[in-house]
Amino acid sequence: MAAALVQTCHVSCCANRTPHVLSWGRGGLIAFGTCNSVALYDPKRIRIISLLNGHTGRVNAVQWIHREDCGPETHLVSGGSDNHVIVWEFALSAQCLGHTAPVFAVDAIYLKGEGSSQILIASAASDSTVKIWLYQCSQAQCLQTMPLGGGFAMDVSLGLLPGCAVPILACGGDDNRVHLYVQHDREFQKMHSLHGHEDWVRGLQWAAVGEGLFSALWSETLSASQTKSQRSLRFAVTLETVLAGHENWVYGIHWQPPLVTGGSVHQPTSLLSASMDKTMILWAPDEESGVWLEQVRVGEVGGNTLGFYGCQMSPDGSMIVAHAFHGALHLWRRDDGNWTPGVVISGHSGVVQDLSWDPDGDFLVTVGSDQTTRMFTPWKRDRQVTWHEVSRPQIHGYDMQCLTMVGRFQFVSGADEKVLRAFRATRNFVENFASITGVCLDKLLADSEASGLPEGASIPALGLSNKAVYRGEPRPPSPNSTLSILYLRAFYPYVLFSLSGPPPEDHLLQNTLWPEASRPEHGAILLWSVCSWRQLQTLAFHSLTVTQMAFSPDGCFLLAVSRDRTWSLWKQQDPTFALCAHTSKNTSVHARIIWSCDWSPDSKYFVTSSRDKKVIVWGDCSRLPATGESSPASLSPCSSILDVGDSCTAVSFCPVSCRDGSYLLAVGLESGRIALFTWRPLTDPSAGGDWAARGDQSHTLTVKRLRWRPRRGRAGHEDEAGDSGWLQLASAGADHSVKIFNVNSLAL
């Protein structure tokens, strides 16, 4: 069967900043909310399998609906800031509409004796209510609304009372209590409130242990005085233990999932907790005394970050994962009794504003409103290629806005501070990059740009800029020495690491910085030399903000588009540029702000896209007269006007022409849609027929930037037969995600 035209190669994203946004299913998939979507992540393959789109606001709570037989789940429930609760059955199955404020906690169970078609759902929202829903036959019905009198339920957990299968609901309140409700005549009635906590109850979960239930180590058991012949059952609630070990708020708890042994279901008495103190603790009762003790503690040391919002255990208990305040995932695996950090995906926690490929197409650099610059590259192992973040060259104090690569190991970025900063790779990064990607280190170091690279970079204690550290300066001892990491951090500016795989989050935060070029003229550059970093020229034409610029591939032209609805074209007259063509308010075809522009690979044509939903190709630039004292030339559209039906926020020419001589373009829209078109120059473009739609993909929010890989093939697959038939397109979105698509050029 022929390969599809467009395939999703990689999705980079992170978890939302809410406590109950991640759930680990018994089928092995981790579901978590990322912006307005629910991501399904396979921790074994280390990649996003799918994104579930249905919410129109931030996803705040996600929960797999666990089966009593411990089989793989088929249903998922989520709640969002759009006030909706959604039940997913491998697709959007039903919406629970009724809350009037954001939903931040959900839970669900299958009803016994009703088959798997009936699901009971509880949801808590900031409208001070808890709602009970019944889902069946792809329809959701609100059974009950429980007002909380101005208070809030911080978490909800549903369970079934042992011996009678009657639903019981536990709500963790902002009044420091756990409230218990039992269903009677299809309505939940409040039975009891548990006292003991001294602050908000952030997390709770039921677990069936023997003849009773455990919830945050309150035990609920069948009274010994009752018999099975009696109609009524009496339950007693007692405090099992108090676990004190964290040094900050505990945001998440999770019981180890039940295990199937010998055909019967067994519930391990093992509890995981996560806290803002940057640690997770695994608790279990002592086999002899029965006293609950700390078994394992994992987490972060150092770094200017906050702690964990939630935690989960894998179905077999061999892995644990936490999601942090800034959305990063932290995973540990148990190996021969030791817990070691595992490789996970990562991504921006804010809008991804811009991205750029390195000139050889081996890695991708992105910037976002989370004030970070991140670098992604393919990691090849066992004939499997996955993309990972391998460096965080810049951690800034302002929201990042723009980026461009100016060499293999050098880039320039801009932020809200209105200062452009240039960064150069470190030798330690180049060595680790070669180890992870398999690129020959000698080849990388032989590059003229790699000569004189600093050894590492660090941020001084009272500084704001990344400082380079060169060879010959005092080097720190190995991190494997007997000195503690805290000692290293206190007395040495950086630590050298040798990596064979993608680094964990704490390493990215502290040890992958790139040094900044510290020259004062960076604050005033408009047109500059990347050799001397000196300002060459100020090009003045537009009356409003310039939204995007692009040099032609041959370096002869500079194109700029603006909020004033016009574009300007500048031609190089060594060593300066002169205005050679432009549009005015009278001649501009665009009626709204021009958002984006790009050049065809042969430098003959350029394309503009605008808020007026129009995409227009202009040219032929090769016929422009030489610039002189005469007025700028007039350049007309050489394509028909392509109406894409929505504000067009990004556009990009593919650097490789199609086999029939046409040009391939990617167009990004405000709705999040990415459309592929081919365009063929015609003698009379007004007749139409020069554009052809070739396929589409999508973000959930506005597409901010599109960039094609600068050469054929898929990064990391160069040694595979037939790879030259593929192209790669990278996209940045307001949905906090970076996506890389494989495009089959042979199918065009």
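Computed values, structure above
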{"read-out": "Entirely in segment 73-118, the strands (runs of 3 or more DSSP E) that have 1 or more residues that are under 22 Å from the mean Cα position of the chain (by Cα), of a type outside the set (Gly, Ala, Ser) and surrounded by fewer than 20 Cβ atoms within 10 Å (Cβ to Cβ)", "value": "92-97"}
{"read-out": "Test: residue in segment 141-159 that is within 31 Å of the chain's Cα centre (by Cα), hydrophobic (A, V, I, L, M, F, W, C) and farther than 19 Å from Lys190 by Cβ", "value": "no"}
{"read-out": "Of residues in segment 481-514 being at pLDDT 50 or above and in a helix (DSSP H, G or I), the one nearest to Leu331 (Cα to Cα)", "value": "Glu505"}
{"read-out": "Qualifying position, being surrounded by fewer than 24 Cβ atoms within 10 Å (Cβ to Cβ) and touching a helix residue (DSSP H, G or I) at 6+ places or on another chain (Cβ under 8 Å), among Asp335, Asp362, Asp370", "value": "Asp362"}
{"read-out": "Residue within segment 275-285 that is basic (Lys, Arg) and more than 24 Å from the chain's Cα centre (by Cα) present", "value": "no"}
{"read-out": "Tally of residues being assigned to a loop (DSSP other than H, G, I, E, B) and either closer than 18 Å to Phe308 by Cβ or over 16 Å from the mean Cα position of the chain (by Cα) (or both) across segment 321-343", "value": "7"}
{"read-out": "Breaking point among (1) in contact (Cβ under 8 Å) with a residue 40 or more places away in the chain; (2) among the hydrophobic types (A, V, I, L, M, F, W, C); (3) out of contact with any Asp or Glu (no Cβ under 7 Å at 6 or more places or on another chain), for Leu148", "value": "(1)"}
{"read-out": "Residues of segment 60-74 that turn out to be hydrophobic (A, V, I, L, M, F, W, C) and either out of contact with any Phe, Trp or Tyr (no Cβ under 8 Å at 6 or more places or on another chain) or in the same structural domain as Phe325 (by TED's automatic domain parsing) (or both), as a count", "value": "1"}
{"read-out": "When residues of segment 678-701 are limited to those that are among the hydrophobic types (A, V, I, L, M, F, W, C) and surrounded by fewer than 22 Cβ atoms within 10 Å (Cβ to Cβ), the one nearest to the chain's Cα centre (by Cα)", "value": "Leu701"}
{"read-out": "Set Ser193, Ser138, Ser123, Ser128: member being of a type in the set (Gly, Ala, Ser), closer than 27 Å to Leu92 by Cα and either loosely packed, with under 15 Cβ neighbours inside 10 Å or over 35 Å from the mean Cα position of the chain (by Cα) (or both)", "value": "Ser138"}
{"read-out": "Of all residues in segment 408-456 being among the small types (Gly, Ala, Ser), out of contact with any strand residue (DSSP E or B) (no Cβ under 8 Å at 6 or more places or on another chain) and crowded, with 16+ Cβ neighbours inside 10 Å, the one that is nearest to Phe497 (Cα to Cα)", "value": "Ala434"}
{"read-out": "Hits in segment 373-400 - residues which are of a type outside the set (A, V, I, L, M, F, W, C), over 17 Å from Pro43 (Cα atoms) and either surrounded by 23 or more Cβ atoms within 10 Å (Cβ to Cβ) or in contact with a Ser or Thr (Cβ under 8 Å, 6 or more places away or on another chain) (or both)", "value": "Thr373, Arg374, Thr377, Ser391, Arg392, Pro393, Gln394, His396, Asp399"}
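Conditions (1) of a type in the set (A, V, I, L, M); (2) in contact with a His (Cβ under 9 Å, 6 or more places away or on another chain), marked per residue:
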position	(1), (2)
Val106	yes, yes
Ala140	yes, no
Leu143	yes, no
Asp155	no, yes
Leu158	yes, no
Glu187	no, no
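For (1) at pLDDT 90 or above; (2) part of a loop (DSSP other than H, G, I, E, B), each residue gets a yes or a no:
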| residue | (1), (2) |
| --- | --- |
| Gly689 | no, yes |
| Gly695 | no, no |
| Thr700 | yes, yes |
| Arg712 | yes, yes |
| Ala732 | yes, no |
| Asp735 | yes, yes |
| Asn742 | yes, no |
| Leu746 | no, no |
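The values are calculated or read from the model by the stated rules, or taken from the named source; none is laboratory data. Just so you know, these numbers come straight off a predicted model, no measurement behind them. Heads up, the Cβs are rebuilt from the backbone with ideal geometry, glycines too, and the neighbour counts pull from every protein chain shown.
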